[in-house]
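Step one of this worksheet: look at the structure below.
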Amino acid sequence: MTAARNVGLAPLPWWRRWAPGFFTLVVLAVLYWAGAGLKTYTLDWRQTIPQSVRILDLMFHPDWAYTPSLALKLLETVQMALLGTLLASVLAVPFGFLAARNMGKKFSYFGKFLLNAIRAFPEIILAIIFIKGVGPGPLAGIMAMGIHSIGMIGKLYAESVEAIDRGPTEAMLSVGANRIQQIWFGVIPQVLPEFSSYALYRFEINSRAATILGIVGAGGIGTDLIFAIQQRVWDRVGIILLGIIVVVTIIDVGSGWLRKKLV
Amino acid sequence: MMTPPDSGPKEKLARMGWLKSAVTILALVLVYAWCSSSLRIAPGQFTSGDTWKAMGDLVIRLGPFHRVQTCKDANTAWGDDDPIAKPDPAKVKAVCEDGKVLYVYVPHYLTSQVEYLNEIKDPLLDTFRMAILGAFFGALLAVPFSLLAARNLVRSKIVYWTVRIMLNLIRTVPDLVWAALLAGALGAGALPGVIALGIFSFGLNAKLLSESVETIDPGPLEAMQACGANRFQQIRYGVVPQVLPQFLAYALYVLEIDVRASTILGLVGAGGIGVLFNTELTYMRYRNVGAIVVVMLVIVWAMDFISTKVRERLI
């Protein structure tokens, strides 16, 4: 069998034959390093398993009486995501044009670097900084999402600006339109559907992010979730999780449908 | 009677492009008004000087600056390289009598930061360890489930949809929520972080992998079926060779996401550098917070760079 596999082919060099084994060895070594070095506690399984079962049981019997205030908080979460995305999708436009090779010219590298730098700051860290400024509440979360999302939206904007058809702008140039007119009538109509589709996509991501920003106090359902977990009210944790899953799923499906119609 | 070709209702609507833009803009303004009124947000909050002052204060203190606010501090804090140098009378007066807030450059900033990073080496490495273990177990667990969630391998609709819906549910819960949940249930530490990352990367890996299993070339599978290979043999020799490079690329991509996530998991008590970040923030030792933020940024950038390069080679 093994001989038949290579009929008519030169045998593989030794390093190719041993590559999978070598790769496995490296992976195992890294895993050993990770597992042996991790300072953590050992669980007493005789206690942990019944306890986890009890917690799961409580979580699967949600506290339905909490639904009205949960709905309000979820609405707040979605509104935060909406405003954060709106802010980012507007702020990202100049960044996107700056980073696009056919618009920003020699500054496009600078624009791309700027977008990468913005993206590297996690939302949670930004939220902490903004909380210092405006106090805990939804505004800090909105600002955090609004700034962080510029990184991704701007990059996607730049890509779609780079892919435009040059015909309309050249035609306008030949009849004497200035730069602003070229962009307004030749570029914007071409990229607008894609821009809105990217903004919607980011709205999906932001609606997930908005659920966790509350953990540091930046508004939304996360605050209630972390309080419920810390107070070990597991039936309330259950219903909050259910709410998050339902809302995120609805937004995913709805925005996916809308994006398909847009592009 | 003939109608001119461009006077139908559809063409009329198409010529009224401005109406469409106006409606869209109006809708966006309404969304903004609705959200901002019910969240009680006013743009005025950002024009107030206090907001920028407070944020500027934080950002300055994340860097190499010490805030001098009290008289006691003003009498000791001055000096180019010695913290207990002779106080500068003019500046002491500014703080003690005029109530000014001053920022001084911290002497030996870089050396002290390097020393601090050396001190926090262990939680920093723990972050990587958590991410590696989580990504590995997530990827391992994703293999059987991705086969069950591939339409071309599973005949039974019930199994296919059950697995698919389960994977979707797992993915709707953000990683930080998993971590908070597990840290609450199992107690704070690195273990809930590893499990949370494992669950999160399992969901992501299984979804990506099942999609690439669904797009494989059915030729080898059919050929093997024709000469009587069993199910396991079909998967081992027909599916695995086709998706292995993609599997490795996805696993690496998920590892990158995990490293990113594991830096902040500590905010909910799930181990890694985030725990320290939270502590330093609570005690308002902002210079140390700044050092941790810089390390986080370096990690994120490095992971981004390495994994992009390796994935380019793999696929």
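Based on what the data block shows, is residue B:114 within 13 Å of another protein chain (Cβ to nearest Cβ) and either without any contact (Cβ under 8 Å) to a residue 24 or more places away in the chain or surrounded by 13 or more Cβ atoms within 10 Å (Cβ to Cβ) (or both)?
Answer is no for this residue.
Can you tell me which of A:192, A:258, A:213 is within 22 Å of residue A:149 (Cβ to Cβ) and in contact with a Gly (Cβ under 8 Å, 6 or more places away or on another chain)?
Result: A:213 is the single residue among A:192, A:258, A:213 that is within 22 Å of residue A:149 (Cβ to Cβ) and in contact with a Gly (Cβ under 8 Å, 6 or more places away or on another chain).
For residue B:184, work out the one condition from (1) within 25 Å of residue B:273 (Cβ to Cβ); (2) touching a residue at least 12 places away in the same chain (Cβ under 8 Å) it doesn't fulfil.
(2)
State which residue pairs qualify: first residue without any contact (Cβ under 8 Å) to a residue 24 or more places away in the chain and inside the range A:22-49, second residue part of a helix (DSSP H, G or I) and loosely packed, with under 11 Cβ neighbours inside 10 Å in any location, beta carbons under 9 Å apart, and separation of 6 or more residues or different chains.
The qualifying pairs are A:22/A:15.
Go through (1) part of a loop (DSSP other than H, G, I, E, B); (2) under 18 Å from the mean Cα position of the chain (by Cα) one by one and return the number of the condition residue B:274 breaks.
The failed condition is (1).
For the range B:7-66, what are the residues that are at pLDDT below 80, assigned to a loop (DSSP other than H, G, I, E, B) and within 24 Å of residue A:78 (Cα to Cα)?
B:42, B:43
Does the range A:215-230 include one or more residues that are among the acidic types (Asp, Glu) and surrounded by 18 or more Cβ atoms within 10 Å (Cβ to Cβ)?
Yes - at least one qualifying residue is present in the range A:215-230.
Residue check: is residue A:190 in contact with a helix residue (DSSP H, G or I) (Cβ under 8 Å, 6 or more places away or on another chain) and more than 14 Å from every other protein chain (Cβ to nearest Cβ)?
For residue A:190, the condition - in contact with a helix residue (DSSP H, G or I) (Cβ under 8 Å, 6 or more places away or on another chain) and more than 14 Å from every other protein chain (Cβ to nearest Cβ) - is not met.
Name the helices (runs of 4 or more DSSP H) wholly within the range B:130-245 that hold at least 1 residues that are closer than 30 Å to residue A:251 by Cβ, within 13 Å of chain A (Cβ to nearest Cβ) and within 31 Å of the chain's Cα centre (by Cα)?
By residue number, B:157-172, B:175-186, B:190-214.
For the condition within 30 Å of residue A:228 (Cα to Cα) and in contact with a Phe, Trp or Tyr (Cβ under 8 Å, 6 or more places away or on another chain), what is the one hit in B:229, B:196, B:190, B:185?
None of the others qualify; the one that does is B:196.
The rows are residues; the columns are (1) more than 30 Å from residue B:127 (Cα to Cα); (2) assigned to a loop (DSSP other than H, G, I, E, B); (3) modelled with pLDDT under 90.
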residue: A:32; (1), (2), (3): no, no, no
residue: A:39; (1), (2), (3): no, yes, yes
residue: A:49; (1), (2), (3): no, no, yes
residue: A:69; (1), (2), (3): yes, no, no
residue: A:73; (1), (2), (3): yes, no, no
residue: A:77; (1), (2), (3): no, no, no
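State yes or no: is residue A:203 at pLDDT 90 or above, more than 10 Å from chain B (Cβ to nearest Cβ) and more than 12 Å from the chain's Cα centre (by Cα)?
Taking the combined requirement at face value, the residue does not satisfy it.
Among the residues of the range B:277-288, is there at least one that is of a type in the set (Phe, Trp, Tyr), in a helix (DSSP H, G or I), under 23 Å from residue B:122 (Cβ atoms) and within 14 Å of chain A (Cβ to nearest Cβ)?
yes
Which residue, of A:189, A:168, is surrounded by fewer than 20 Cβ atoms within 10 Å (Cβ to Cβ), free of Cβ contacts under 8 Å to residues at least 40 places away in the same chain and under 23 Å from residue A:255 (Cβ atoms)?
Being surrounded by fewer than 20 Cβ atoms within 10 Å (Cβ to Cβ), free of Cβ contacts under 8 Å to residues at least 40 places away in the same chain and under 23 Å from residue A:255 (Cβ atoms) holds for just one of A:189, A:168, which is A:189.
Go through the range B:117-135 and report how many residues are touching a residue at least 40 places away in the same chain (Cβ under 8 Å) and under 15 Å from residue A:35 (Cβ atoms).
Residues flagged as touching a residue at least 40 places away in the same chain (Cβ under 8 Å) and under 15 Å from residue A:35 (Cβ atoms) within the range B:117-135 amount to 10.
Determine whether residue A:156 is under 14 Å from the mean Cα position of the chain (by Cα), touching a residue at least 40 places away in the same chain (Cβ under 8 Å), surrounded by fewer than 24 Cβ atoms within 10 Å (Cβ to Cβ) and away from every other protein chain (no Cβ under 14 Å).
Criteria met by residue A:156.
Within the range A:114-123, identify whether any single residue is surrounded by 18 or more Cβ atoms within 10 Å (Cβ to Cβ), farther than 13 Å from residue A:149 by Cα and not acidic (Asp, Glu), and answer yes or no.
No, every residue in the range A:114-123 fails to be surrounded by 18 or more Cβ atoms within 10 Å (Cβ to Cβ), farther than 13 Å from residue A:149 by Cα and not acidic (Asp, Glu).
Report whether or not residue A:47 is within 11 Å of chain B (Cβ to nearest Cβ) and surrounded by 11 or more Cβ atoms within 10 Å (Cβ to Cβ).
No, not satisfied.
Only one of (1) facing chain A (nearest Cβ under 10 Å); (2) in contact (Cβ under 8 Å) with a residue 12 or more places away in the chain fails for residue B:259. Which number is that?
Unmet for residue B:259, out of (1) facing chain A (nearest Cβ under 10 Å); (2) in contact (Cβ under 8 Å) with a residue 12 or more places away in the chain: (1).
The values are calculated or read from the model by the stated rules, or taken from the named source; none is laboratory data. Treat the numbers as computed from the prediction; the structure is a model and nothing was measured. FYI the Cβ positions are ideal-geometry reconstructions off the backbone, even for glycines, and counts take in every protein chain you see.
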